[in-house]
Every structure is written in structure tokens, then in C-alpha cells.
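The values are calculated or read from the model by the stated rules, or taken from the named source; none is laboratory data. Quick caveat, the model's predicted, so the values are computed rather than measured. Here Cβ is always computed from backbone atoms with ideal geometry, including for glycine, and neighbour counts include all displayed protein chains.
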Amino acid sequence: MIEPLSESQVIENLRQTEDPSAQYYAAWWLGKMRSRHPDAIPLLLTTLKALDDTPVDPDRRGVALNAIRSLGLLQDERADSDLRDLLTSSDYSVREEAARSLGTMGSHAAAATIRSLLASGVDGAGSEQPSTPLLREPCEALLEALGEIGISDTATLATLEPFTQHPRPLIRAAACRALLQLTGDARWGEQLIQLLEHPEPLVRRGALLDLGATGWTEALTTMSAAAVEPSLKLVALRGLAEKSGDPQVLDVMDALL
């Protein structure tokens, strides 16, 4: 039987540079386990330096992406500046993961840069890159980050609203999610509820998770009846319970078990 790695061993695995696969797992582990080891943040930040290389080593890039995710989960303000710098990376996935982590951290300092990445709107940031399904910017992550950061000023709302008309339903959902978080306006919640009836399962799943993230309990009954697998309903409802603190959500979860 293989013994699970200790935190100290994981730290050493991240510190060494000979085995990228061990680093990759270690960078993930520290976030997953919410490590508070004093070396965790400095070592995770060190892995980001690989993204400055030309060309970037693919194995070290993978470690860095895991580190970005973990830094968001650990929510340590020492990572804020480095993650904000990554929002201007030429690497789409790096920008995407940095935005998600900064949103998780609630980084007010990142809001202006995120808005600037979205400023060209649906026809700019939200347009497709040639010969790829990717958009010009990782709009879904950027939009969600603004909602998580929680600044509901005029500039943020004006940035978000055009994306509620985006041709891709998951981008519309991300914009509505953020607007509902920032304003509490039920019209954005109603648009998410409409997406729960979308013919594509992926869209229904995304809308369900978005509703859970908002804490908008008016959607509770519709969420529980959505055509989505029960396991994902429980994930979304757990988010709804955590955000809203409404005990009725727990009753619905119990009924699904």
C-alpha cells in the first residue's frame, strides 16, 4: 500500500526541479489541501518564473498553471501582484487561470485590468480567434471574476452588460451571474433560469453552477428540478447554501440524497 505524501514531502517535491511531474502534483496538492506551510506561497510563486522563458518549457508551464490555481485557493495577498501581472500574458490559459484566481481572492486591485481586457466588448474581446474555438479573451473567466471581486460601480456594470447578449450561452451566463452577484436584480437570475432549459447539457450544467455561485435562493425550486445529474445539483446547491445561509437549501439537498 502506497503511503500518502506528507506536507513536508510535497514541499520538497515542489522545491526540486529535476522531476516536473512531482512538481506538477505538488503545485496542485498545496491548493487542494489548503496548505499553510510557510514555504508554500514562496515556492508556488517561484514556479511562475518559468512563464517568462522563451520558449516556455511545456512541463514547467503545466506546473505554473497548477500553481496559479492553488494561489487562488490559498488566498494569500502576497500572490496578488504576481497574479495581476499574468493578466497581460500572451498565453490565453495563463490569463484565464489568473483571472479565476484573482476572482477567488476577491482582488479589488485586479478589477481595472480585468475591465480593460473586456472593454472592446462582444465584437472585440468576445469575438472568435481565427481557426480556433477560443475567443480573443477568456471572457467567461474574466466576467465571473468581476462578479466574485464584488465592485458594483458604474464602470463594472457597463463592462458586464453587453456580454449578456453574447452569441455563446455560457458567456451570457457568466455575465448574468456576475450582474446578479453585484446588483441582486432578479432579471439576471431569470435569464440564468431560462438557460436551465437549454437543449445542450453543458449549458444547463453551467447555468446551474452559476446560480449556485450567486446565492440567489429564488432559483431553488427550479434548480432542484433542472434536467442535470443529481451529483452536480448537489454541488450547485451546496454553493447556494454557503452563499445564502438559507436552511431551506439544505432541506432540498437532503431530499436529493
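When E200 is tested against (1) touching a residue at least 24 places away in the same chain (Cβ under 8 Å); (2) surrounded by fewer than 18 Cβ atoms within 10 Å (Cβ to Cβ); (3) within 20 Å of A112 (Cα to Cα); (4) of a type outside the set (S, T, N, Q), just one condition goes unmet, and that condition is (3). Only one of the listed residues (L143, L134) is modelled with pLDDT of 95 or more, closer than 20 Å to T88 by Cα and touching a strand residue (DSSP E or B) at 6+ places or on another chain (Cβ under 9 Å). That residue is L134. Scanning segment 140-170 for residues that are of a type in the set (V, I, T) and surrounded by fewer than 21 Cβ atoms within 10 Å (Cβ to Cβ) gives I151, T154, T164.
S224 falls short on exactly one of the conditions (1) surrounded by fewer than 16 Cβ atoms within 10 Å (Cβ to Cβ); (2) of a type outside the set (D, E); (3) without any contact (Cβ under 8 Å) to a residue 40 or more places away in the chain; (4) more than 22 Å from G72 (Cβ to Cβ), and that condition is (1). Taking the listed residues A219, A236, the one that is assigned to a helix (DSSP H, G or I), under 19 Å from C176 (Cβ atoms), within 20 Å of the chain's Cα centre (by Cα) and among the aliphatic types (A, V, I, L, M) is A236, with no other qualifying.
Scanning segment 241-252 for residues that are touching a Leu at 6+ places or on another chain (Cβ under 7 Å) and surrounded by 16 or more Cβ atoms within 10 Å (Cβ to Cβ) yields A241, V249, V252. Answer yes or no as to whether K233 is modelled with pLDDT under 95 and surrounded by 15 or more Cβ atoms within 10 Å (Cβ to Cβ). Spelling it out, it is not the case that K233 is modelled with pLDDT under 95 and surrounded by 15 or more Cβ atoms within 10 Å (Cβ to Cβ).
Taking A158 as the residue in question, decide whether it is within 18 Å of E96 (Cβ to Cβ) and of a type outside the set (D, E). For A158, the condition - within 18 Å of E96 (Cβ to Cβ) and of a type outside the set (D, E) - is not met. Residues of segment 150-176 that are outside any helix (DSSP H, G or I) and not small (G, A, S): I151, D153, H166, P167, R168. Looking at S90, S101, S8, just one residue is assigned to a helix (DSSP H, G or I), out of contact with any Phe, Trp or Tyr (no Cβ under 8 Å at 6 or more places or on another chain) and within 25 Å of I149 (Cα to Cα), and that residue is S101. Select, from R34, R84, the only residue that is out of contact with any strand residue (DSSP E or B) (no Cβ under 8 Å at 6 or more places or on another chain), of a type in the set (D, E, K, R) and part of a helix (DSSP H, G or I). Testing whether each residue is out of contact with any strand residue (DSSP E or B) (no Cβ under 8 Å at 6 or more places or on another chain), of a type in the set (D, E, K, R) and part of a helix (DSSP H, G or I) leaves just R84. Within segment 121-135, not a single residue is buried (at least 17 other Cβ atoms within 10 Å of the Cβ) and within 27 Å of E229 (Cβ to Cβ). Of all residues in segment 125-139, those being in a loop (DSSP other than H, G, I, E, B) and either in contact with a helix residue (DSSP H, G or I) (Cβ under 6 Å, 6 or more places away or on another chain) or within 20 Å of P162 (Cα to Cα) (or both) number 8.
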